[in-house]
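J.: First the structure, which I've put down as structure tokens, then a few questions once you've had a look.
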Amino acid sequence: MKLQVVLPNETAGADPCQLAELARQAEDLGYDTAWLPDHLLPPGEYGPVYGGVLEPLVTLGWLAAATGRIRLGTSVLVLPLRSPFVVAKQVATLHSLSGGRLTMGVGIGWDEREFTALGADFGSRAARTDEAIALLRHLFEVGRGPFEGRWYGFEAGVFEPRPVGPVPVMTGGVTDAALRRAARCADVWQGVGLDPKAFGERLAYLRAHVGDRTVSPGTRLDWSAPNRTPDEAARIAEAFRGAGAEHLAVHFGAPDGYAHRMAAFARAARP
């Protein structure tokens with residue numbers, strides 16, 4: 001099971017150099033991927049509920065220059081709040097600049113107030129996300145028109161840079177609809193808010209719908225409480241491993257003490 005890290009991007013005014021240093025430390029500790037969250041215009045202050053103070057795709061460019069091996073990704077980019085054409089350009093550029101280390105994590109969003117503030121339609125967000133993923137794959141693989149969809153389309157045009165090799169698509173969520181989307185559209189599925197038993201149940205649902213596609217399953221975990229022990233980390237990592245998780249993405253809370261918790265978890269959780 002690969003260990004991954006969700007970097008802290010919830011504190012306004014935090015030093016961006018600290019994010020780069022944490023990414024380098026995660027790489028040295030053997031973490032497989034560093035993720036960043038996303039919220040464009042949340043209805044409340046940034047913090048434990050709303051992450052993404054620094055725009056994630058721009059920030060991943062900064063982290064790509066600061067690291068050399070660790071994969072980088074968004075967990076998750078709220079795709080229906082953005083133009084998929086612009087996202088495609090950003091993602092393909094980042095994939096190239098990082099040496100093919102980008103995983104494009106996308107989600108449909110959950111807070112209607114944020115959609116309203118940005119003038120986006122909340123009700124159609126799931127269908128628009130599915131179509132946007134199809135458009136992104138078309139631009140990456142074909143690189144020119146036409147593409148005809150209900151919300152997005154173009155007759156003629158040339159897309160570059162076309163990625164050398166695939167850009168993995170990760171989708172999140174734990175509802176039946178989210179798992180069906182992962183089975184249909186994703187290369188990677190990342191659950192959230194699950195204990196090992198619930199993860200195993202959701203994984204069984206995913207596998208029942210995935211058909212002959214391959215979707216790598218994993219989940220996110222919060223590990224921010226200061227009193228959590230290395231033995232507990234080892235037990236929970238082993239429980240998720242036994243439940244079928246191929247990757248475990250961990251958020252270690254506030255920037256203060258983040259590096260220490262990240263290092264302790266890495267030492268304890270490896271078999």
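The values are calculated or read from the model by the stated rules, or taken from the named source; none is laboratory data. The structure displayed is predicted, hence computed values, not measured ones. Cβ sites come from the backbone with ideal geometry, for glycine too, and all protein chains shown count toward neighbours. These area figures cover heavy atoms from the full protein model, side chains too; ligands, DNA and RNA do not enter into them. Shrake-Rupley method; radii C 1.70, N 1.55, O 1.52, S 1.80 Å.
J.: For a label point 7 Å from the Cα of Arg241 along Cα→C-beta, name the residues of segment 16-39 whose backbone N is under 17 Å from it.
T.: Inside the label zone: 30-33.
J.: Still on this model: Figure the gain on full extension for Leu41 and Asp176 (residue separation times 0.36 nm, minus the Cα-Cα span) and round it to one decimal in nm.
T.: 45.9 nm
J.: Rounded to the nearest 10 degrees, what's the angle between the helix 56-66 long axis and the longest principal axis of the chain, both from Cα atoms, 0 to 90?
T.: Approximately 60 degrees, to the nearest ten.
J.: Next up: Between Val142 and Glu55, what FRET efficiency follows from the Cβ-Cβ distance if R0 is 25 Å, with the result rounded to 0.05?
T.: With R0 = 25 Å, the Cβ-Cβ based efficiency is 0.35.
J.: Once Lys and Arg get +1 and Asp and Glu get -1 on their Cβ, which of Thr11, His95, Val78 lies farthest toward the positive end of the dipole of segment 1-157?
T.: Looking along the dipole axis, the top candidate is His95.
J.: Putting +1 on Lys and Arg Cβ atoms and -1 on Asp and Glu Cβ atoms, find which of Trp110, Thr171, His39 reaches farthest to the positive end of the dipole of the chain.
T.: With unit charges placed on the Cβ atoms, the residue in question is Thr171.
J.: Could you check the spin-label model distance between Asp222 and Ala254? Points 7 Å from the Cα along Cα→Cβ, value in nm.
T.: 1.4
J.: In addition: Can you give me the long-range amide H partners of Thr74? Hydrogens built in the peptide plane at 1.01 Å from N, cutoff under 5 Å, separation of 5 or more residues or another chain.
T.: Leu36, Thr103, Gly105
J.: Treating the beta-carbon of each Lys and Arg as +1 and of each Asp and Glu as -1, no other charges, what is the dipole magnitude of the chain about its Cα centre, to the nearest 20 debye?
T.: Charge dipole, the chain, about its Cα centre: 660 debye, nearest 20.
J.: Which value in deg cm²/dmol, rounded to the nearest 500, describes the helix-derived mean residue ellipticity at 222 nm for the chain, given -39,500 (n - 2.57) per DSSP H run of n ≥ 4 and division by the residue count?
T.: -12500 deg cm²/dmol, from helical runs alone.
J.: Who wins for biggest fluctuation among Thr171, Thr219, Thr93 in a Gaussian network model of the chain, springs between alpha carbons below 10 Å?
T.: Thr93
J.: Enumerate the amide H contacts of Ser216 below 5 Å, restricted to partners 5 or more residues apart or on another chain; note that Pro and chain-start residues carry no placed amide H.
T.: Distant-sequence amide H within range of Ser216: Val188, Trp189.
J.: With a cut-off of at most 13 other beta carbons within 10 Å, and DSSP calling the residue loop, which trypsin sites (Lys or Arg not before Pro) in segment 1-80 qualify? Please list them.
T.: Listed in order of number, the matching sites are Arg69.
J.: Here's something else I'd like to know. Whenever you get a sec, line up Trp223, Trp151 from highest to lowest accessible area (probe 1.4 Å, protein heavy atoms).
T.: Trp151, Trp223
J.: Counting only protein chains, not ligands or nucleic acids, how are Leu79, Leu97, Leu118 ordered by accessible area (probe 1.4 Å), most first?
T.: Sorted descending by solvent-accessible area, the residues read Leu97, Leu118, Leu79.
J.: Each residue of segment 78-91 in order: what ³J(HN,Hα) in whole Hz does its phi give by Karplus 6.51 cos²θ - 1.76 cosθ + 1.60, θ = phi - 60°, with x for Gly and Pro?
T.: 7, 5, x, 8, 10, 5, x, 5, 5, 4, 4, 5, 5, 5
J.: If you plug each phi of segment 134-140 into the Karplus form 6.51 cos²θ - 1.76 cosθ + 1.60 with θ = phi - 60°, what whole-Hz ³J(HN,Hα) values come out, in order, with x for Gly and Pro?
T.: Going residue by residue, I get 4, 5, 4, 4, 4, 4, 5 Hz, with x marking Gly and Pro.
J.: Report the residues of segment 132-149 in range of a label on Ser83: point 7 Å along Cα→C-beta, backbone N strictly under 19 Å from it.
T.: Those under the cut-off are 132-140, 143-149.
J.: Select from Gly73, Gly242, Gly123 the residue whose mean-square fluctuation is largest in a Gaussian network model of the chain (Cα-Cα springs shorter than 10 Å).
T.: Sorting by GNM fluctuation, first place goes to Gly123.
J.: Right, something else. Would you calculate the separation in nanometres between label points at Ala234 and Arg213, each defined as 7 Å from the Cα along the Cα-to-beta-carbon direction?
T.: Label at Ala234, label at Arg213, 3.9 nm between them.
J.: Right, next: May I ask for the angle, rounded to the nearest 10°, between helix 230-242 and the longest principal axis of the chain, with both axes built from Cα atoms and the value confined to 0 to 90°?
T.: Helix 230-242 sits roughly 40 degrees off the main axis of the chain.
J.: Could you tell me how many degrees, from 0 to 90 and to the nearest 10, lie between the Cα long axis of helix 16-28 and the main elongation axis, the longest principal axis, of the Cα atoms of the chain?
T.: Rounded to the nearest ten degrees, it is 70.
J.: Within 10 Å, count the other beta carbons around each residue, average over each peptide in 33-44, 227-238, and list them highest first.
T.: Listed from highest to lowest mean packing, they are 33-44, 227-238.
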